[in-house]
1. May I ask you to list pairs of residues, at least six apart or on different chains, whose Cβ atoms are under 7 Å apart, with the first in segment 432-447 being under 19 Å from G152 (Cβ atoms) and the second being open to solvent by less than 40 Å² (accessible area, probe 1.4 Å) and polar (S, T, N, Q)?
2. Just give me the residues in segment 288-346 being among the polar types (S, T, N, Q) and without any contact (Cβ under 8 Å) to a residue 40 or more places away in the chain, in sequence order.
3. Kindly establish whether R232 is among the basic types (K, R) and in the same structural domain as T371 (by TED's automatic domain parsing).
4. Out of E182, E186, E171, I need the residue that is among the charged types (D, E, K, R), within 13 Å of the ligand (Cβ to nearest atom) and surrounded by fewer than 24 Cβ atoms within 10 Å (Cβ to Cβ). Which one?
5. Please list, ordered by residue number, the strands (runs of 3 or more DSSP E) wholly in segment 391-509 having 3 or more residues that are crowded, with 17+ Cβ neighbours inside 10 Å and among the aliphatic types (A, V, I, L, M).
6. Please indicate, with yes or no, whether at least one residue in segment 272-279 is away from the ligand (no atom under 16 Å from the Cβ), in contact (Cβ under 8 Å) with a residue 60 or more places away in the chain and surrounded by fewer than 19 Cβ atoms within 10 Å (Cβ to Cβ).
7. In segment 347-368, which residue that is of a type in the set (D, E, K, R) and touching an Asp or Glu at 6+ places or on another chain (Cβ under 9 Å) is farthest from E443 (Cα to Cα)?
8. Inspect segment 305-325 for any residue being more than 16 Å from the ligand (Cβ to nearest atom), assigned to a helix (DSSP H, G or I) and either surrounded by fewer than 18 Cβ atoms within 10 Å (Cβ to Cβ) or assigned by TED's automatic domain parsing to the domain that holds A252 (or both) and give the result as yes or no.
Amino acid sequence: MTAIQPARTDIIEVRNPADGLVVGTVPIHTADEVAATVRELRLYQTEWEAIGAKARGEWLLKFQDWMLDNSERIADVLQSETSKPRFDAELETPMVADIVGYYAKRAPGYLADSRPHPHSPLGMTKKLAIAHRPYPVVGVITPWNFPFTMPGMDIPPALAAGCAVLLKPSEVTPLSGVLFVEGWKEIGAPPVLAVATGLGATGAAVVENVDYVQFTGSTRTGKAIAKAAAERLVPCSLELGGKDPAIVLADADIDRAAHGIAWGGLFNSGQVCISVERVYVEASVHDEFVAKLAANVSKLRQGKDDRDFKFDVGALATPDQVQIVKKHVDDAIAAGARALTGGKPRGDGNFFEPTVLVDVEQSMSCIKEETFGPTIPVVKVADEAEAIRLANDSEYGLSATVWTGDNARGERIARQLDAGAVNINDAFSNMMSFALPMGGWKESGIGARMGGAAAVLKYTRSQAITTPRIPTAAKELTWFPYSKPKARFAFGAMRAGAARGLRKFGIAR
Ligand code: NAD
């Protein structure tokens, strides 16, 4: 008789969500191991900063070459642990390679010292500089939905800034993150990038040891990290959950809106922080829009893809995720909504049918709570004003889309929406524009990633440096001993620099 083996507590078995088969294992790193890794990264970071932004850029470009040369290998690993369609899996590598190249080439310019002019005549004796010095070790903690892209959005600008980085990938999909770090090793780059795998406790240990925390994940975990980071007085940037609205106006190209919202809501099975999670449609085009949307969604092919690009939609990452989606759909139907297509788990693996819900009310859980699944709930609204009001009626504020035949009207509406990004007549285009910041408002986060220079400079501390511009005397004017003539001269000069009109010369009006 074979004894039942207890589950190992020192490793994580990674499973394919479509069939539950184990596709790999990773260790669960302890808090002590994380602390030791950070200590080691700290040692190598000094030299990494010292070689300068240009030399770091060269390493990043070699890393980019590695990614492009290994894109099939990366897609295979991504697919094995996420069950993404091949299209979605293959998309991640060129996107990350693009980000790596963007920062490799631009970071030297962003990191150049700023040299502001002194603001007053007294200050003219000094040369001023602002140096951008890296936080030594950055912890990047990522979720499971884009296991290669998530590290790929945040790690390259941090490395470019001169930081060492410790990645903590999600326990659900750690293999792609491990491969990301393996790639850095394979090119022979300095050992300033490491990975710690494990559960939440490993992530908490990362927060306990690093100098800056870049977190992407749920709002609940984000709040716990903000508290832990505050306790240590280390900064954190939090990219959290969303419940992104789409507004479809009567003047919109309804065919484009119905295609764009099908993709924006169901890409990656809806497991995208900025996926369309609720739709507000003007009453006059509601029936036409939902008929077209449901027709598009019902044609989607769902299944476990291989390298043949046979499917559009895959499985959800975990059984828990299926239960959240099911609850939101069941709640809605029990309260009077209808599923025009889909509406239930498929019964195998973690598949949930792509679903369009109509007759949806603002009070339903499918509108109030983040679903993170393949559902598109549609609410009929009277007009633009009601659409804006309901879109803003959410604790989240990550991104939004507006579908209209009038781009100027779209921009005007964008400026009334409480969201970190608004795409007009498109979905996700903000994320593909690296010059734009990607950050959430309200419960969707603090800070932002990307955004041109800001993406690199956020990983640095500003260091103010003053140097004498003229030969120095034994004493400065304001040093001891104090005297009335010194006071009159020094404060008069300050007054002359600061005041308006005759007050410059000590004359009150
Ligand atoms: P999660 O919060 O459960 O986990 C994210 C990561 O945090 C994992 O690596 C996990 O191990 C780690 N973690 C858990 N507890 C921790 C703790 N106390 N201290 C430190 N680390 C800890 O999120 P998830 O379920 O993996 O991902 C889904 C969520 O991520 C969704 O809410 C989604 O909206 C969000 N997300 C946001 C963005 C964005 O850019 N705003 C992008 C992708 C996903």
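The values are calculated or read from the model by the stated rules, or taken from the named source; none is laboratory data. Here the structure is a predicted model, which means the values were calculated and not measured. Note: ideal-geometry Cβ built from the backbone for every residue, glycine included; neighbour counts use all protein chains shown. Side chains included, ligands, DNA and RNA excluded: accessible areas come from the protein's heavy atoms. Shrake-Rupley method; radii C 1.70, N 1.55, O 1.52, S 1.80 Å.
1. Short answer, once both residue conditions are applied: L436/N430; M438/N430; G447/S237.
2. Of everything in segment 288-346, those that are among the polar types (S, T, N, Q) and without any contact (Cβ under 8 Å) to a residue 40 or more places away in the chain turn out to be N296, Q323.
3. Criteria not met by R232.
4. Result: E171 is the single residue among E182, E186, E171 that is among the charged types (D, E, K, R), within 13 Å of the ligand (Cβ to nearest atom) and surrounded by fewer than 24 Cβ atoms within 10 Å (Cβ to Cβ).
5. Hits in segment 391-509: 421-424.
6. no
7. Step by step, filter segment 347-368, then rank; the result is D348.
8. no
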